[in-house]
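Undergrad: Dumping the structure here so I can ask a few things about it.
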Amino acid sequence: MSVVLSLAFSGVALGAIYFLAASGLSLIYGLMDVLNFAHGMFMTLGAYAGWDVATHLPISWGGAWLLVIEIGAAVVGGALAAAITELVLIRPLYGRPLAQVLVTIGLDLAAVALLLGGFGSNSLTLPVPLWSIEASRIGNVILPHSDFIAIAAGIVVVVALEWFLRRTRYGITIRAGVENREMVRALGIDVGRAFTLVFVIGGAMAGLAGLLYSVVFSGDLVSPLQGDSLLIFAFIVVVIGGLGSIRGSAVAGLIVGLVQDFANYYLGAHAGLAQFGNLSVVLLLAVVLEWRPRGLFGRAL
Amino acid sequence: MTNALEIRDLHVSIAGSHILKGITFEVPEGGVTALLGRNGVGKTTTLRAVLGLVNHTGDVHVLGTDTRTMVTHRIVRLGIGYVPEDRDVFAGLSVAENLRLAERSSEPDYDAVYALFPELRTRARQRAGSLSGGQQQMLSIARVLLNGWPLLLVDEPSKGLAPKLVTELAETLERIANIATILLVEQNLAVVARLAQRIVVLDHGEVVHQGAASDLGDAELTQQLLGVAGAS
């Protein structure tokens with residue numbers, strides 16, 4: 001029983017990371033029809049921004065604030081990268097989906113190459129507070145503190161995004177833009193500003209996901225390819241949850257995280273089927289698409 | 001009399017098809033000007049060109065301002081309300097959210113909206129997509145009334161509505177015409193005859209007739225221009 005509870009806990013934490021990675025991607029595609037392959041770059045840059053800021057802090061900054069500052073840097077780094085990408089590269093290409101795909105793939109490849117050139121191919125170690133690599137024990141269940149961080153971040157973001165989309169004027173504009181952006185313009189609204197804001201929010205979430213992936217699942221290591229490996233699962237979560245749906249991304253992230261975690265343990269480790277967790281996620285995607293092609297909460301593909 | 005809208009030599013081509021071929025007409029301030037013509041002659045395209053929603057050449061002056069270099073949201077903020085042909089309410093948003101989205105004025109006139117459409121107040125939390133066609137039309141019109149815009153572009157508001165609702169709609173537009181200038185695209189000639197003071201007729205992307213709405217009483221002219229019997 002304790003194994004099941006431990007797996008469930010780490011599966012929920014993994015799902016939270018997937019949700020953070022997928023939410024921005026889902027919003028960006030949902031509102032702007034931009035299939036953003038540079039989203040992985042936002043995640044990677046977020047993690048590097050966190051690492052860079054942390055390594056410039058005085059050694060005495062080892063407490064809880066260290067992680068808070070790293071998270072802040074990752075969010076700002078991801079948001080800045082996204083804003084520049086939208087303003088410089090994506091804005092001239094609206095309505096040209098193939099060009100957007102090519103540009104964002106090219107950007108992602110270039111960013112990886114630049115990071116490899118600048119920081120080398122070895123992973124960098126993210127300084128983290130001691131308590132974040134410790135665990136608590138409740139009965140026989142061991143609960144890593146880093147999992148708590150991921151779950152807390154996921155809950156905060158899902159609540160904040162839902163509030164933003166439901167209660168604020170910009171949120172309503174974004175939801176309306178998903179349905180009919182031309183009519184939004186015809187109401188006198190500058191859709192371009194809303195587009196940039198969506199990119200910024202998506203980049204911020206991606207930056208956060210990138211940093212927390214390092215803290216929770218990557219042994220506090222930061223590497224140039226971590227965003228791209230996370231991006232594959234983010235796309236799967238977006239499709240399962242439904243394009244443009246934050247709620248869908250949250251539920252799908254949770255399901256994918258749990259399925260992957262349990263499959264890895266019971267079928268991967270025990271049955272000797274390496275990578276079965278990843279395969280199970282792809283199978284899950286196939287089942288959902290067969291049963292509900294537009295995803296759990298989304299509009300038609 | 002000054003003009004709320006002036007269109008000079010307006011050309012629009014879409015996907016290689018020359019839809020508007022240099023149309024020129026004015027909409028004087030106050031009352032209703034009807035833009036008429038058979039299906040596909042470019043009436044909706046004219047409204048969309050005025051709003052900058054399609055690429056065009058030629059001059060468009062909205063409330064005295066040349067809009068040639070302006071993007072849609074700037075043109076709209078000059079004071080144009082747009083009621084599109086298919087209502088285009090945001091189905092996933094509530095009635096209240098649809099209205100909130102349309103607020104451009106710092107003091108949106110909800111009193112005017114609810115005076116005309118009291119039902120919208122009681123349905124504020126209902127999803128717009130679950131409203132009937134008539135209720136969606138109310139919402140679509142309500143969105144443009146909130147800001148007290150002086151010029152309204154209204155595209156086929158009676159389309160798909162039951163006859164009783166069409167009568168109510170005409171009454172509503174009649175009241176709105178007292179406070180705003182309306183450029184009305186409408187196929188229902190009875191509605192046009194009731195509301196409009198002036199008519200502009202398009203055919204094959206060109207203006208073929210401009211005159212008083214009373215011209216619609218001339219059955220021969222109406223048959224010739226619109227291919228339908230007059231609206232007597």
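Undergrad: Cα atoms only: what Rg and Dmax, in Å, come out for the protein assembly as shown?
TA: Cα-based Rg and Dmax for the protein assembly as shown come out at 28.4, 93 Å.
Undergrad: Any chance you could check the Cα centroid distance between region A:1-35 and region B:1-76 for me, in angstrom?
TA: Answer, in whole Å: 48.
Undergrad: Among the aspartates and glutamates, select those whose C-alpha is under 12 Å from the C-alpha of B:K43, and discard any that sit fewer than 8 residues away in the same chain.
TA: The qualifying aspartates and glutamates are B:E85, B:D155, B:E156, B:E186, B:D203, B:E206.
Undergrad: Nothing charged except the Cβ atoms of Lys and Arg (+1) and of Asp and Glu (-1): what's the magnitude of the dipole of region A:18-226 about its Cα centre? Round to the nearest 20 debye. Kindly include the intermediate steps, with their values, before the conclusion.
TA: Working: 10 positive and 12 negative charges, 114 e Å.
Computed charge dipole of region A:18-226: roughly 540 debye.
Undergrad: Once Lys and Arg get +1 and Asp and Glu get -1 on their Cβ, which of A:V287, A:L102, A:T173 lies farthest toward the positive end of the dipole of chain A?
TA: Farthest towards the positive end: A:T173.
Undergrad: Please find, in a Gaussian network model of chain B (springs between Cα atoms separated by less than 10 Å), the residue of B:P157, B:P84, B:P118 whose mean-square fluctuation is greatest.
TA: With Cα springs under 10 Å in chain B, the top fluctuation among B:P157, B:P84, B:P118 is at B:P118.
Undergrad: What does the helix-only formula give at 222 nm for chain B: each DSSP H stretch with n ≥ 4 adding -39500 (n - 2.57), the total divided by the residues, and the result rounded to the nearest 500 deg cm²/dmol? Walk me through the intermediate numbers first.
TA: Values: 9 runs with 75 residues, N = 232.
That calculation yields -9000 deg cm²/dmol at 222 nm.
Undergrad: Local charge sum around B:L78 (other residues, Cβ-Cβ under 12 Å, Lys/Arg +1, Asp/Glu -1)? Write down the numbers at each step before the final one.
TA: Values: positive: B:R74, B:R77, B:R104; negative: B:D66.
Here the count lands on +2.
Undergrad: If you wrap a convex hull around the alpha carbons of chain B, what volume per residue comes out, as a whole number of Å³? The partial results should precede the final answer.
TA: On the way: hull volume 28.1 nm³, N = 232.
Convex hull volume per residue, Cα atoms: 121 Å³.
Undergrad: Follow-up. Of the options B:Y114, B:T222, B:L189, report the single residue whose Cα projects farthest towards the positive end of the charge dipole of region B:90-232 (beta-carbon charges: Lys, Arg +1; Asp, Glu -1).
TA: Of the listed residues, the answer is B:Y114.
Undergrad: Have a look at region B:28-111 and give its Rg and Dmax from the Cα atoms, expressed in angstrom.
TA: 14.7, 40
Undergrad: Once both labels are modelled 7 Å past Cα along the beta-carbon direction, what's the A:V4-A:V156 spacing in nm?
TA: If labels sit at A:V4 and A:V156, their model points lie 3.2 nm apart.
Undergrad: Which FRET efficiency value, to the nearest 0.05, do you get for B:E119 and A:L102 by plugging their Cβ-Cβ distance into 1/(1 + (r/R0)^6) with R0 = 51 Å?
TA: Numbers: r = 50 Å, r/R0 = 0.98.
Result of the calculation: an efficiency of 0.55.
Undergrad: Okay, next question. Compute the long axis of helix A:64-84 from its Cα atoms, compare it with the longest principal axis of the Cα atoms of chain A, and write down the angle in degrees, 0 to 90, nearest 10.
TA: So the helix axis and the longest Cα principal axis differ by about 30 degrees.
Undergrad: Follow-up. Please work out the FRET efficiency for the pair A:H145 and B:R194, using the Cβ-Cβ distance as r and a Förster radius of 51 Å; give the result to the nearest 0.05. Provide the component values of the computation, followed by the final result.
TA: Working: r = 73 Å, r/R0 = 1.43.
Once the sixth-power term is evaluated, E becomes 0.10.
Undergrad: Please report the antiparallel percentage of DSSP beta bridges with both residues in the protein assembly as shown, rounded to the nearest 5.
TA: Of those bridges, close to 65 percent are antiparallel.
Undergrad: Continuing with the same structure: Evaluate the distance, in nm, between pseudo-label points positioned 7 Å from the Cα of A:L114 and of B:E220 along their respective Cα→Cβ axes.
TA: Simple spin-label model gives 7.5 nm for this pair.
Undergrad: In debye to the nearest 20, how big a dipole does the protein assembly as shown give about its Cα centre with +1 on each Lys and Arg Cβ and -1 on each Asp and Glu Cβ? Before the final figure, lay out each step's value.
TA: Values: 35 positive and 41 negative charges, 131 e Å.
It works out to roughly 640 debye.
Undergrad: Here is a further query. Along each of the three principal axes of the Cα atoms of region A:18-226, give the extent in whole Å, ordering the values from largest to smallest.
TA: 56, 41, 31
Undergrad: Pick out which of B:G217, B:G30, B:G16 has the largest mean-square fluctuation in a Gaussian network model of chain B, springs linking Cα atoms closer than 10 Å.
TA: B:G16
Undergrad: Helix A:191-217 versus the longest principal axis of chain A: what angle, 0 to 90°, nearest 10, using Cα atoms?
TA: That works out to roughly 10 degrees.
Undergrad: Among B:G31, B:G205, B:G64, which one shows the highest mean-square fluctuation when chain B is modelled as a Gaussian network with alpha-carbon springs under 10 Å?
TA: Top of the fluctuation ranking is B:G64.
Each reported figure results from applying straightforward, stated rules to the coordinates on display, with no laboratory input. Model, not experiment: these values are computed from the prediction. Note: ideal-geometry Cβ built from the backbone for every residue, glycine included; neighbour counts use all protein chains shown.
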